[in-house]
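A short worksheet on the structure shown next.
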Amino acid sequence: MEDQYYVIGQPIGHSMSPTMHNEWFLKNNISGHYSAKEVGVSELESVMTEFRSSVKGFNVTAPLKVEIMQYLDEIDPLAKAIGAVNTVINKNGLLYGKNTDGIGYCRGLSFVLKKPIEQEKILIIGAGGAARAILYSLLHLGVKQITVTNRTLEKAHELVDGKFMNEVNIMSISDAEEKLGQFSLIIQTTSVGMKPNENSIPLSLANLSSNTVVSDLIYSPFKTAFLKDAEQRNAIIQNGLPMFIYQGALAFQEWTGIFPNTIDAYTLLERKLGGTKC
Ligand code: NAP
């Protein structure tokens, strides 16, 4: 009998995780199968009872990344600091939670950075769950020059929480637009640019310096209006696919001890999404 793995969340039908993980099981000769399971908050408790005895590991996506924490036996310190879990490992009936989103993002970014990440001057646009995972992972890696901007400035203040005032600066969107030229890496973490508002951008790139790295967490559309604009201004651009692949690869490594082939996964998913290298 194959070991069973899942991604749970709602909605989950669109998830590309089964395609990616099943390809990795196949390529690594591991007897495992990964499926997507639609689970809402109200079903989570009973699904956890079932998973404790039947599943080797699972990923967790919206809206369960925070809710899941109460059902776990242990949570690693970075996931605790982020306040969300996306990967669970079942160790003989004990459920251990991690968050691979932020570190996965940083691993994917290494392809487009020309200097060590600690030397980048970083602007994070957004203050939601993804921004939180990335901010805490950057701080975990020792990065110190970080600015956060967000439509709702209060949320940026809540994110930084008074704890990281030496490392993290907060700016309004209009200030960030004006001072954009001082940043070497811009991380777009809002949902602005997704359907049905594909033509929207979260801030003006008029003052962007050329050769700035501009990264957008969205990968559908494959190249957002924000990335298209940045590309026209000679930025180095990256979409959210590397983050998606690396968060999955780190989860796969937790479950199997093997770090899978991320380059082949990129080619497979790029084809599925109908995109061209970005
Ligand atoms: P979230 O917690 O709901 O946060 C949403 C963020 O977007 C907030 O900062 C919010 O600002 C901002 N926002 C939403 N609508 C806006 C608008 N019309 N104008 C300006 N700002 C707006 O969501 P999340 O979980 O962080 O996810 C954010 C994005 O990251 C989504 O597109 C998601 O698909 C993507 N993501 C990608 C990956 C990947 O693997 N590539 C992983 C996780 C997430 P306010 O605070 O002002 O509301």
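The values are calculated or read from the model by the stated rules, or taken from the named source; none is laboratory data. Worth saying up front: this structure is predicted, and the values here are computed from it rather than measured. Virtual Cβ from ideal backbone geometry, glycine too; neighbours counted across all protein chains shown. Each accessible area value is taken on the protein alone, full model and side chains, heavy atoms only, with ligands, DNA and RNA left out. Shrake-Rupley method; radii C 1.70, N 1.55, O 1.52, S 1.80 Å.
Looking at Pro221, Pro202 in this structure, which one is touching a strand residue (DSSP E or B) at 6+ places or on another chain (Cβ under 8 Å) and on the phi < 0 side of the Ramachandran plot? Before the answer, list the steps.
Numbers: Pro221 fails: touching a strand residue (DSSP E or B) at 6+ places or on another chain (Cβ under 8 Å).
Among Pro221, Pro202, only Pro202 is touching a strand residue (DSSP E or B) at 6+ places or on another chain (Cβ under 8 Å) and on the phi < 0 side of the Ramachandran plot.
Listed here are the residues, each with its yes/no results for (1) within 11 Å of the ligand (Cβ to nearest atom); (2) under 23 Å from Leu250 (Cα atoms); (3) open to solvent by 30 Å² or more (accessible area, probe 1.4 Å); (4) in a loop (DSSP other than H, G, I, E, B).
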{"site": "Gln70", "(1), (2), (3), (4)": "no, yes, yes, no"}
{"site": "Leu78", "(1), (2), (3), (4)": "no, yes, no, no"}
{"site": "Ala84", "(1), (2), (3), (4)": "yes, yes, no, yes"}
{"site": "Tyr96", "(1), (2), (3), (4)": "no, yes, yes, no"}
{"site": "Arg107", "(1), (2), (3), (4)": "no, yes, yes, no"}
{"site": "Lys144", "(1), (2), (3), (4)": "no, no, yes, yes"}
{"site": "Asn166", "(1), (2), (3), (4)": "no, no, yes, yes"}
{"site": "Ile170", "(1), (2), (3), (4)": "no, no, yes, no"}
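Can you spot a residue in segment 109-117 that is under 17 Å from Met171 (Cβ atoms), surrounded by 19 or more Cβ atoms within 10 Å (Cβ to Cβ) and hydrophobic (A, V, I, L, M, F, W, C)? Talk me through it step by step, then tell me what you get.
Restricting attention to segment 109-117, the residues satisfying the condition of being under 17 Å from Met171 (Cβ atoms) are none.
No - not one qualifying residue is present in segment 109-117.
Here are Glu158, Glu198: which of them is more than 14 Å from Gly128 (Cα to Cα) and free of Cβ contacts under 8 Å to residues at least 40 places away in the same chain?
Sole residue among the options that is more than 14 Å from Gly128 (Cα to Cα) and free of Cβ contacts under 8 Å to residues at least 40 places away in the same chain: Glu198.
Output the number of residues of segment 132-141 satisfying the condition of being surrounded by fewer than 24 Cβ atoms within 10 Å (Cβ to Cβ) and in contact with a strand residue (DSSP E or B) (Cβ under 8 Å, 6 or more places away or on another chain).
1
Return the residues of segment 172-195 that are of a type outside the set (A, V, I, L, M, F, W, C), open to solvent by less than 40 Å² (accessible area, probe 1.4 Å) and either in contact with a Pro (Cβ under 9 Å, 6 or more places away or on another chain) or in a loop (DSSP other than H, G, I, E, B) (or both); say none if nothing qualifies. Before you say what the answer is, go through the steps one by one.
Of segment 172-195, the ones of a type outside the set (A, V, I, L, M, F, W, C) are 172, 174-175, 177-179, 181-182, 184, 188-191, 193, 195.
With the extra rule that they be open to solvent by less than 40 Å² (accessible area, probe 1.4 Å), the set shrinks to 172, 181, 184, 188-190, 193.
Once the filter is applied, which keeps residues that are of a type outside the set (A, V, I, L, M, F, W, C), open to solvent by less than 40 Å² (accessible area, probe 1.4 Å) and either in contact with a Pro (Cβ under 9 Å, 6 or more places away or on another chain) or in a loop (DSSP other than H, G, I, E, B) (or both), segment 172-195 yields Ser172, Ser184, Gln188, Thr189, Thr190, Gly193.
Filter segment 115-131 for residues that are more than 6 Å from the ligand (Cβ to nearest atom) and in a loop (DSSP other than H, G, I, E, B) and give the result.
The answer is Lys115, Pro116, Glu120, Lys121.
Do any helices (runs of 4 or more DSSP H) lying entirely in segment 222-278 carry at least 2 residues that are at pLDDT below 95, and which ones are they?
On the way: elements: 225-232, 241-256, 262-273.
Passing ranges, in order: 262-273.
Filter segment 146-155 down to the residues that are within 19 Å of Gly83 (Cβ to Cβ) and either in contact (Cβ under 8 Å) with a residue 40 or more places away in the chain or not in a helix (DSSP H, G or I) (or both), then identify the one that is farthest from the ligand (Cβ to nearest atom). Step through it out loud before you land on a result.
Kept after step one, since they are within 19 Å of Gly83 (Cβ to Cβ), are these residues of segment 146-155: 146, 148, 150, 152, 154-155.
Checking which are either in contact (Cβ under 8 Å) with a residue 40 or more places away in the chain or not in a helix (DSSP H, G or I) (or both) leaves us with 146, 148, 150, 152.
Values: Ile146: 15, Val148: 9, Asn150: 5, Thr152: 3 Å.
Per the criteria, the residue is Ile146.
If I ask for residues that are among the β-branched types (Val, Ile, Thr) and buried (at least 17 other Cβ atoms within 10 Å of the Cβ), which ones from segment 1-29 would you list?
Val7, Ile8, Ile12
How many of the residues in segment 84-113 are under 11 Å from the mean Cα position of the chain (by Cα), free of Cβ contacts under 8 Å to residues at least 60 places away in the same chain and within 14 Å of Leu64 (Cβ to Cβ)?
The number of residues fulfilling the criteria is 1.
Go through Ser215, Ser209 for me and flag whichever is more than 8 Å from the ligand (Cβ to nearest atom), surrounded by fewer than 17 Cβ atoms within 10 Å (Cβ to Cβ) and closer than 22 Å to Ile117 by Cα. Spell out how you get there, then give the answer.
Details: Ser215 fails: surrounded by fewer than 17 Cβ atoms within 10 Å (Cβ to Cβ).
Just one listed residue meets the conditions, Ser209.
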